[in-house]
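Engineer: Have a look at this one.
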Amino acid sequence: MRWQFLMLKVASLLQQSLPSVPHFEPIKPTPTLHKAFNRLTPAMQGLESTPVQIFNLFFPPKLIDLIVTSSNLYAEQKMREEHGTQGRNARWEAITAGKLKIWLGISIHMGCIGLPPAHYWKNDRKLLGKEGLPTSRFMSSMRFQQIRRYLHITPPDLVPSSWYGKIKPAFDQLWLASQTYRIPSSNVTIDEAML
């Protein structure tokens with residue numbers, strides 16, 4: 001009982017000593033708010049633009065070729081280190097730009113559906129639903145894992161100058177393409193996990 005009386009007394013003293021809340025006027029933005037819009041080339045503005053054309057804006061052939069060359073160099077280097085010049089596991093079939101695009105397409109598809117990787121090579125339509133991709137028609141599970149293991153964006157002998165140096169070419173290209181082809185709306189939220 002005495003404890004409750006003391007708490008009430010402290011609360012009333014705090015209320016008496018606190019200043020009143022100042023008047024608050026919300027800041028109104030000087031530029032007008034805008035909605036998000038795309039800045040695609042005139043040929044791509046209409047219905048004739050395809051997802052592949054838009055993908056190529058973000059991953060141009062120059063970047064794809066760099067990834068193919070770097071990944072092949074890295075795979076060959078690792079195969080020599082791990083297995084020597086001989087051995088059953090020392091086989092690396094060099095990837096091509098086409099195979100890398102298939103690998104990227106499967107990776108994007110997997111990110112959209114969200115199943116564990118092993119499920120994409122099963123021929124079970126119940127698991128994948130109507131949008132199910134018959135992934136095994138394009139690439140085997142073993143080949144997909146092999147490319148994922150040896151994927152490199154920069155040459156393996158390049159010493160990075162910063163913490164993100166190994167992905168800098170892809171980062172720079174995605175940054176430039178994002179600024180060039182997509183204008184976000186005025187209201188953008190960035191979560192700290194994105195950074």
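Engineer: Mind checking which residues of segment 145-195 are outside any helix (DSSP H, G or I), under 18 Å from Leu100 (Cβ atoms) and over 17 Å from the mean Cα position of the chain (by Cα)? I'd like the intermediate steps shown before the answer.
Structural biologist: Restricting attention to segment 145-195, the residues satisfying the condition of being outside any helix (DSSP H, G or I) are 151-164, 182-191, 195.
Right, trim to under 18 Å from Leu100 (Cβ atoms) and you get 151-156.
Listed by number, the residues that qualify are Thr154, Pro155, Pro156.
Engineer: With (1) surrounded by 14 or more Cβ atoms within 10 Å (Cβ to Cβ); (2) farther than 19 Å from Ile54 by Cβ; (3) not small (Gly, Ala, Ser) as the list, and Arg182 as the residue in question, which single condition is left unmet?
Structural biologist: (2)
Engineer: Kindly provide the set of residues from segment 41-54 that are modelled with pLDDT under 70 and either in contact with a strand residue (DSSP E or B) (Cβ under 9 Å, 6 or more places away or on another chain) or not acidic (Asp, Glu) (or both), ordered by number. It would help to see each step written out before you state the result.
Structural biologist: First, the residues of segment 41-54 that are modelled with pLDDT under 70: 41-48.
Listed by number, the residues that qualify are Thr41, Pro42, Ala43, Met44, Gln45, Gly46, Leu47.
Engineer: Taking Leu57 as meeting all but one of (1) more than 21 Å from the chain's Cα centre (by Cα); (2) surrounded by 10 or more Cβ atoms within 10 Å (Cβ to Cβ); (3) modelled with pLDDT of 70 or more, write down the number of the exception.
Structural biologist: The one condition Leu57 does not meet is (1).
Engineer: Does His152 fit the bill of being in contact with a helix residue (DSSP H, G or I) (Cβ under 6 Å, 6 or more places away or on another chain), at pLDDT 80 or above and surrounded by 10 or more Cβ atoms within 10 Å (Cβ to Cβ)?
Structural biologist: Working: in contact with a helix residue (DSSP H, G or I) (Cβ under 6 Å, 6 or more places away or on another chain): yes; at pLDDT 80 or above: yes; surrounded by 10 or more Cβ atoms within 10 Å (Cβ to Cβ): yes.
Criteria met by His152.
The values are calculated or read from the model by the stated rules, or taken from the named source; none is laboratory data. Since the structure is predicted, the reported quantities are computational estimates derived from the model, not experimental observations. Positions of Cβ are generated from backbone atoms using ideal geometry, with glycine treated the same way; all protein chains shown enter the neighbour counts.
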